Amino acid sequence: MKILLVRPSAVNILQYLQVINSEPLELEYLYTVAKEKGFEVLIYDGFNNKKSLTKTIIQFQPNIVAITGYITQEKLILKYTKIIKNINSNIITVIGGVHAQLNYKNFYSDYTDFVFRSEDMQAFGLFLNSFVNSSIKLSEINSLCWKQDGIWIENKFVPVNINMLPIVDRTFFYQNREWFRYIDLRETATIKTSLSCPYNCNFCYCKLLSAGNYSVMTLDKVITELENLDCENVLIADDIFLFDEERIWNFIDEIKNRKINKKYICYARADYIVSHPEQIKALVEIGFIYFLVGIESYSNQELNNYNKQVNSDINIECIRILNELNARCYALMIIPIDADKKYFDNLYNWIVRNNVKYATLSIFTPMPGTKIFNEYKNKLITDNCTFWDFLHLVLKPTSLTIFRFYFEFYKLTLKIYLYTRKTGIFDFMTFSYFKNILWKYISQKMRREL
Ligand code: B12
Ligand code: SF4
């Protein structure tokens, strides 16, 4: 049996800029499981593959196509399933991934055969085996949604521990390593060492994954993965990597003992950084370079509204500590929907005053699956899933017109870009870089992607 694993193409121009282009680790986990079960497997990475999906299917002739994706790709995934069935109605279509986990019903369609609601790789293995071993019952597969006589059946969802993940087979990454970069860090691999997050910020989708069950990978497994990883730069894709003080000290010791020499990017909270300056110094010494910190806002009122449990003084101190260590504090900021012109100006002044050298702006966007989505669901001004990229308004701004809000948002984004440019991290974006990106964009559009 042949299995094709698909990450859909990027759906907006920003993605084409490829300032960040991440390894499709989720597909590599599926690949590992399918290979281990003895199937013939192929990864199709729509972000990067030059060939169209249609051509790939016709040539590879898979029996099963498993698709991952995020909210912005919801319609595209559904379109893929239709195309697949039109090519060959016998091909089995399976959908999974973070968006499907909490919004699985959105994928119930005539062209979808199965939807997975969990991270459980053993369940995926069992699912594949069920096609060659008739004693395996679909009803016994954790979190699987499947159709019986046209009716969708939802198996029980049992949250899993991250330690069930297999040692990932990175053949795909090694074959295509030049695709994957993190800003100025070329050839960046991804690892994931925890599921969900123990905090409770009310806008957050990530903490709801794995049914909100926070689990961490044993340090031994993490260190072995890093030791065997043939790549200098590593994105640690945990929602929060710095949580357990003792685990992080042990991590630092092990990296030193085993002489692992890499550069790291991780997500962290400002309060952890402020309360562990010595540990942060030690992390910087072993190669931590980017700290992606959910600063969210300069206003205490906003921070309270988000239940961030961090105040503005802590945020400022966090930026100071990281600057002093010459680490890069990437401030993740949310623009509230009631922002007026003064808010945008104040934010820029705050960024400059506090020497925030790196920042990204996200427009406040309630994510389907979160509690706050229900609060806002009647106020949405669009149902276009591609707008859920934090760069579009999905709610009507309350202090500015839509046009003026976008104007201020993109003006500030540009100002921050120009400010950050001085640090040199965007120096790789030369004229020929943009030329290549534009060419990739046009050629992908010309073959109409599919
Ligand atoms: C790294 C990252 C990226 C990378 C891309 C990574 C990638 N592999 O494609 C970059 C920086 C480019 C990116 C961009 C975006 N991202 Co992002 N990203 C992440 C982050 C931090 C980690 C993802 C990761 O690498 N996980 C590691 C893999 C191994 O874990 P996994 O995806 O959960 O996969 C496991 C299971 O889900 C399952 N699985 C996955 N797919 C499938 C498929 C099948 C068939 C099966 C059976 C199982 C299965 O198996 C895997 C192993 O257990 C997550 C946060 C998070 N908690 O997930 C946000 C996150 C996924 N991103 C998000 C969003 C919204 C975006 C953007 C749309 C907007 C933005 N500005 O960030 C863009 C759009 C990108 C696109 N696809 O078009 C949201 C998605 C929410 C949603 N409902 O879809 C998240 C959850 C963050 C958030 N703010 O809530 N992102
Ligand atoms: S700390 Fe970060 S990942 Fe955790 S709930 Fe808050 S925003 Fe989400």
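The values are calculated or read from the model by the stated rules, or taken from the named source; none is laboratory data. This is a predicted model, so every value here is computed, not measured. Reconstructed Cβ throughout: ideal geometry from the backbone, glycine too, with neighbour counts over all protein chains shown.
Within the range 200-229, which residues are in contact with a Phe, Trp or Tyr (Cβ under 7 Å, 6 or more places away or on another chain) and among the charged types (D, E, K, R)?
K207
Would a scan of the range 352-364 turn up a residue that is without any contact (Cβ under 8 Å) to a residue 24 or more places away in the chain and farther than 25 Å from Y104 by Cα? Walk me through how you get there before you give the answer.
The initial filter retains those residues of the range 352-364 that are without any contact (Cβ under 8 Å) to a residue 24 or more places away in the chain, namely 353.
Checking which are farther than 25 Å from Y104 by Cα leaves us with 353.
There is at least one residue in the range 352-364 that is without any contact (Cβ under 8 Å) to a residue 24 or more places away in the chain and farther than 25 Å from Y104 by Cα.
Per-residue answers, yes or no, for (1) in contact with a helix residue (DSSP H, G or I) (Cβ under 8 Å, 6 or more places away or on another chain); (2) surrounded by fewer than 20 Cβ atoms within 10 Å (Cβ to Cβ); (3) not in a loop (DSSP other than H, G, I, E, B):
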residue: K156; (1), (2), (3): no, yes, no
residue: F173; (1), (2), (3): yes, no, yes
residue: C197; (1), (2), (3): yes, no, no
residue: N200; (1), (2), (3): yes, yes, no
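Inspect the range 159-169 for any residue being more than 11 Å from ligand 1 (Cβ to nearest atom), buried (at least 21 other Cβ atoms within 10 Å of the Cβ), at pLDDT 95 or above and under 23 Å from I265 (Cα atoms) and give the result as yes or no.
no
Where in the range 331-450 are there helices (runs of 4 or more DSSP H), lying fully within it, with 2 or more residues that are under 25 Å from R186 (Cβ atoms)?
Here the list reads 402-421, 431-446.
Looking at W146, W179, can you tell me which residue is out of contact with any helix residue (DSSP H, G or I) (no Cβ under 7 Å at 6 or more places or on another chain) and not assigned by TED's automatic domain parsing to the domain that holds Y330? Give the derivation first.
Working: W146 fails: out of contact with any helix residue (DSSP H, G or I) (no Cβ under 7 Å at 6 or more places or on another chain).
Result: W179 is the single residue among W146, W179 that is out of contact with any helix residue (DSSP H, G or I) (no Cβ under 7 Å at 6 or more places or on another chain) and not assigned by TED's automatic domain parsing to the domain that holds Y330.
Run E26 past the list (1) more than 30 Å from I265 (Cα to Cα); (2) outside any strand (DSSP E or B); (3) not small (G, A, S) and report the number of the one that doesn't hold.
Of (1) more than 30 Å from I265 (Cα to Cα); (2) outside any strand (DSSP E or B); (3) not small (G, A, S), only one is false for E26: (1).
Being closer than 23 Å to K308 by Cβ and either without any contact (Cβ under 8 Å) to a residue 12 or more places away in the chain or away from ligand 1 (no atom under 14 Å from the Cβ) (or both): is that true of E245 here?
Here the answer is yes, as E245 does meet what is asked.
Regarding L322, is this residue in a helix (DSSP H, G or I) and more than 16 Å from ligand 2 (Cβ to nearest atom)? Can you show your working first?
Numbers: in a helix (DSSP H, G or I): yes; more than 16 Å from ligand 2 (Cβ to nearest atom): yes.
It is true that L322 is in a helix (DSSP H, G or I) and more than 16 Å from ligand 2 (Cβ to nearest atom).
Across the range 131-143, what is the number of residues that are in a loop (DSSP other than H, G, I, E, B) and either in contact with a helix residue (DSSP H, G or I) (Cβ under 6 Å, 6 or more places away or on another chain) or more than 17 Å from A34 (Cβ to Cβ) (or both)?
Pass one, the range 131-143, residues in a loop (DSSP other than H, G, I, E, B): 131-137, 141-143.
Next cut, either in contact with a helix residue (DSSP H, G or I) (Cβ under 6 Å, 6 or more places away or on another chain) or more than 17 Å from A34 (Cβ to Cβ) (or both) only: 134-137, 141-143.
Total meeting the criteria: 7.
Take the range 258-288 and flag every residue that is away from ligand 1 (no atom under 16 Å from the Cβ), aliphatic (A, V, I, L, M) and assigned to a strand (DSSP E or B).
The answer is none; no residue qualifies.
Can you give me the number of residues within the range 108-129 that are within 18 Å of the chain's Cα centre (by Cα), free of Cβ contacts under 8 Å to residues at least 60 places away in the same chain and either more than 18 Å from Q73 (Cα to Cα) or part of a helix (DSSP H, G or I) (or both)?
Counting residues in the range 108-129 that are within 18 Å of the chain's Cα centre (by Cα), free of Cβ contacts under 8 Å to residues at least 60 places away in the same chain and either more than 18 Å from Q73 (Cα to Cα) or part of a helix (DSSP H, G or I) (or both) gives 1.
Give the residue that is nearest to ligand 2 (Cβ to nearest atom), with candidates limited to residues of the range 61-107 that are touching a residue at least 40 places away in the same chain (Cβ under 8 Å) and over 23 Å from the mean Cα position of the chain (by Cα).
If we take residues in the range 61-107 being touching a residue at least 40 places away in the same chain (Cβ under 8 Å) and over 23 Å from the mean Cα position of the chain (by Cα), then I64 is nearest to ligand 2 (Cβ to nearest atom).
Which numbered condition trips up K35, out of (1) more than 14 Å from ligand 1 (Cβ to nearest atom); (2) farther than 25 Å from V234 by Cβ?
It is condition (2) that K35 fails.
Can you say whether V284 is among the aliphatic types (A, V, I, L, M), within 16 Å of ligand 2 (Cβ to nearest atom), in contact (Cβ under 8 Å) with a residue 40 or more places away in the chain and surrounded by 16 or more Cβ atoms within 10 Å (Cβ to Cβ), as far as the supplied structure shows?
no
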